[in-house]
1. With all protein chains present, how much of the accessible area of region 146-228 (probe radius 1.4 Å) comes from carbon and sulfur, to the nearest whole percent?
2. Which order do the peptides 228-234, 144-150, 169-175 come out in when sorted by mean C-beta neighbours inside 10 angstrom, highest first?
3. Quick check: convex hull over the Cα atoms of region 36-128, volume per residue in Å³, rounded to an integer?
4. Using a 1.4 angstrom probe, figure out how much accessible area region 147-238 has per residue, in square angstrom, rounded to the nearest whole.
5. What number comes out for accessible area per residue over region 49-89 if the probe is 1.4 Å? Units Å², please.
6. At a Förster radius of 41 Å, what calculated FRET efficiency corresponds to the Cβ-Cβ distance of GLU47 and GLU201, to the nearest 0.05?
7. Hey, could you pull the Cα Rg and Dmax for region 34-193, both in Å?
8. Might you report the magnitude of the Cβ-based charge dipole of region 36-128 about its Cα centre, with Lys and Arg at +1 and Asp and Glu at -1, to the nearest 20 debye?
Amino acid sequence: MNVNYPMIANYNENNLGQFAESLSHEIPLFDHSTDSRKREKIETLAEVYSLIIVLDQVEKAYLKDSISSEDYTMTVNKLLAQYKTYLANEEIADEYQDLQTFKEKYNISASNAITRLERGIPVTVEHAIQSNRGPTAVAGTEKKYSGKAVAEATGNFITVMDALKLNYKAKDQLHPLMSELLLSINRVSSQDFECRSKLVEWIVKINKMKIKETLTEEEARELLFDLESAYKSFYTLLE
C-alpha cells in the first residue's frame, strides 16, 4: 500500500541562519514617511491606551483588597491627572474624540477603568471610604472633628463658590476645585449629609464635558445653589 505524505521543506543550515537573522530584525513601528508630529501623536495615544489598561488593573486590585484605600486613592488620582494632561492637547483630543469612540476603535475591554474615567474621581472619594489609618474625628470624644480638616473643607467650599461668582464655567477650571472639595469633606467625615450626592453628580457631569464646553448660566446658578445648600448641611453635620 502506497501512502502519500505531504511535502516537507528541507531546511539546511543556511536556511535556518537566514530565518534566525530575520527574527532578530526590529520591526519599525512607523512608516518612513511618518513625520515626527504624527509619530508623537500616535505615541501619545498609545500612552492613553496603556493608562486605561493600568487603571483597570488598579480598580480590580482594589476590589480584591490587594491594595489599601490610601494607595488606591493616590494611584487613581495620579492616573486620572495623567489622562487629563494628555487630552489637554487639542490635537490629541481631536484624534481621541471621546472615551466611547476610543474604546470601540481599539476594542478596549476595561469596564472598571471606563467607569472610573467617566466618574472622574476615585471610588474612595465618591463614596467617602476612609483609609485604614483612622477617621479624622478626635480620639476619645464624640462628634469632634479635626480643626485643620474642617478649615480646609470650609476654604474649598468658599473657593468653588467664589470661582462660580467670577464666571468660572469650564471643565478644566471647575473639575479640580470640585474634586478637591469632595476630598477635603471626606477628610472631615465619611458621614453622608444632605446635598453631598449632588456634589458627586456635579463632578461627574463636569467630568463628562468636553474640554471646550462650559456650563450654561442656568447650570452655573444651579451649581452655586447646590454648593450653598451643601455648605449649610455640612455645618449642620458638625454641630
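The values are calculated or read from the model by the stated rules, or taken from the named source; none is laboratory data. None of these values were measured; they are calculated from a predicted model. For neighbour counting, all protein chains shown are included, and Cβ atoms are generated from backbone atoms with ideal geometry for every residue, glycine included. The protein model used for the area step is the full one, side chains on, heavy atoms only, and it has no ligands, DNA or RNA in it. Shrake-Rupley method; radii C 1.70, N 1.55, O 1.52, S 1.80 Å.
1. 51
2. 169-175, 228-234, 144-150
3. 90
4. Per residue, region 147-238 has 51 Å² of solvent-accessible surface.
5. Accessible surface, normalised per residue, equals 56 Å².
6. 0.85
7. 18.5, 66
8. 160
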